[in-house]
Amino acid sequence: MWRFVEIFLLQLAGATLLVFLAIQLNIKWDFLSIALLGAFSGLLIWLCINLNRSVHFLNWIRTGDISRAPKLNGVWGEVTDRTRRLLREQVKSLNASNKRLDDFLAAIQASPNGVVLLDVNGQIEWCNLTAASHFGLNPTADISQHIGNLVRDPVFASYFATGNFLHEVTISGKSSAAGRASRLAVQIHPYGQGKKLLLSNDVTGREALEFMRRDFVANVSHEIRTPLTVLSGFVESLQTLDLDEAERSKYLELMGQQTLRMQSLVSDLLTLSKLEGSPSPLSDTWIGAEALAYSCELEAKALKSDLEAKHGQNEIALNSKEQLTFEIQSNLELAGSQSELLSAMCNLVNNAVRYTPAGGEIRVSLKATDGGGAIFSVNDTGSGIAAEHLPRLTERFYRVDASRSRESGGTGLGLAIVKHVVQRHGGELQVSSILGKGSNFCFILPSSRVRIK
Ligand code: ADP
C-alpha cells in the first residue's frame, strides 16, 4: 500500500511544483498539461530513487554478508528484509546440516572398523583414520586415488575386479600395534549410483586365537595319543604273549605309569580350564605362608625321592639343607585361593626338583617386599634355560626338552597354570635363567593380597 502512496505523493508533488512554478513564471500553458508533466517527473524521480536502492541491494547481495544489509525504504526495503530473513534461515539450516555431517563423520571416525567411501570409478572420496591405518592410507593426500593403486594385496585386487561382493575376504594389512603384519577382513558394499563402501576389520587377534585353539587341540590329542598307543601295545602283548609273572608285573607297572601320565594331563587341563572360566579369587580369605610352604615342601620331597628312586640316587640325603631349603617369613599371610596358590608354588618348586640334577641346590623363599607385597622365589642350580626359550615358557605345552619333561612326569602345562594363578591374584611371574648354571622363578603378589600377622 505504502509503495503506491509513495508514487502518488511524488507525482502530486511534481505536478504541484510545476504548476506553482508556471504561475510564478507566468507561463501561459495549459495547467493540465503542466500538472501531467509534473506528475511524470515525479514518476521519473521515483524510478531513479528505486534504481539507486536496487543498486544498493545488488551490491549487498554480491557481498553475501547478512549482517551488512542496507537500510532501504519502500519496495527495496521489503525485498532486502525478506532476502535477509531467507538467507538467515538458509544459513541456519546449512549450519545444522554441517553439524549433523560433522557428528556423523565423528561417529564413523570413532568406529573400530575402517570405512572408505569409493566413487563410481573406485577412487577414494573419504576414509576414516582406522581405514587409513589398516591400509596405510593418507586421509588427505590419497583422496581421489584409485583404491587398487593403494591396496595392492592380490586377494583384494581379484576381489575388487570380480565385482562379487557378497562375501568378505581376508588380506594382509599394514603393521599392527605389535609391529607384525596385521590381517584384515574386508568387504565392499555397493550403494547409491555405482558408489562403494569399503569396510575393514582387524582380525589379527581373532586369527591368532583360532590358530591357538587349533594348536591346543592338536597338542592335547598328541599328548593323549602317545600314552594311549603305549597302553594299547601293552594290552595287546598281555593278551597275545605267554609272559611269565615278572614280565607281566613289569608290563603292568609301565601301564600304570602311562595311566598316571594321562591322569596328570587331564588334571592339569581341568585346572587350566577352571582358572580361565572363573572369576579372580576374592581377597577375603587369608592363608598362612608357613602352611602353604610346608605343604609345598612335603610334595617336593616326595617328588624328589620318587625321582631319585627312579634314577637310583638314593644315596643323596633327601633332607640335607644344601639340597632343598625353605626360608619362609612366618608372620606372613596371603589372600586368595589356597588351592591355586599352593598349585603355583608347588609347580615352581617341583620344576626345580625335576630340572636340577642330583647334587644341585634349590633355595625356596617367601618374604614380604619393601612395597608391602610378597615375593615367592625358587632358585636352582639346575640345567638352566637358554635365553631364546624364556619368553615362551608359559605357553601351553611349550617344553625346552620334551623328552626330559615327560620322563620326569611333566605335562607342559605347569608354568601356564602358574602364570594364570599369579595373574588372577594381581601378581607377576618373573623368570631368569642361565643355561647350564640354573634358574630363578619368582612371583610377586601385590600389597592388597599380603598382610603381616
Ligand atoms: P613341564 O611339565 O614340561 O615341566 P612347565 O610348563 O612346568 O612344563 O615348564 C615348561 C618348560 O620350562 C619345561 O619343559 C622345562 O623345559 C622348562 N623349565 C621349567 N622350570 C625349569 C627349571 N627350574 N629349570 C630348567 N628348565 C625349566
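The values are calculated or read from the model by the stated rules, or taken from the named source; none is laboratory data. This is a predicted model, so every value here is computed, not measured. Backbone-built Cβ (ideal geometry, glycine too); neighbour counts: all protein chains shown. Accessible surface areas use protein heavy atoms only, side chains included; no ligands, DNA or RNA. Shrake-Rupley method; radii C 1.70, N 1.55, O 1.52, S 1.80 Å.
Quick notes on this structure:
- Lone qualifier among L366, L334, L390, L342 - being in contact with a Phe, Trp or Tyr (Cβ under 6 Å, 6 or more places away or on another chain) and either free of Cβ contacts under 8 Å to residues at least 40 places away in the same chain or within 25 Å of L272 (Cα to Cα) (or both): L366
- Among residues of region 419-439 that are over 22 Å from L342 (Cα atoms), those with a beta-carbon under 8 Å from a residue that is among the β-branched types (V, I, T) at least six positions away or on a different chain give the pairs S433/I385; L435/I385; K437/T381; G438/T356; G438/T381.
- Filtered residues of region 417-440 (kept if charged (D, E, K, R) and open to solvent by less than 60 Å² (accessible area, probe 1.4 Å)): R424
- Taken over region 390-401, residues that are out of contact with any strand residue (DSSP E or B) (no Cβ under 7 Å at 6 or more places or on another chain), open to solvent by 40 Å² or more (accessible area, probe 1.4 Å) and more than 7 Å from the ligand (Cβ to nearest atom) amount to 4.
- Taken over region 157-166, residues that are closer than 16 Å to Y191 by Cα and surrounded by fewer than 14 Cβ atoms within 10 Å (Cβ to Cβ) amount to 3.
- The condition (being outside the structural domain of T259 (by TED's automatic domain parsing), closer than 30 Å to T226 by Cα, more than 10 Å from the ligand (Cβ to nearest atom) and modelled with pLDDT under 95) is satisfied by just one residue among G436, G371: G436.
- Number of residues in region 255-294 that are part of a helix (DSSP H, G or I) and either open to solvent by 50 Å² or more (accessible area, probe 1.4 Å) or at positive phi (or both) equals 15.
- Of the criteria (1) of a type outside the set (D, E); (2) crowded, with 16+ Cβ neighbours inside 10 Å; (3) under 27 Å from the mean Cα position of the chain (by Cα), which one A181 fails: (2)
- Leading residue by the ranking (farthest from V230 (Cα to Cα)) among those in region 244-289 that are acidic (D, E) and under 33 Å from the mean Cα position of the chain (by Cα): D284
- Some residue of region 402-416 being modelled with pLDDT of 95 or more, open to solvent by 30 Å² or more (accessible area, probe 1.4 Å), within 16 Å of the ligand (Cβ to nearest atom) and within 30 Å of Q329 (Cβ to Cβ): no
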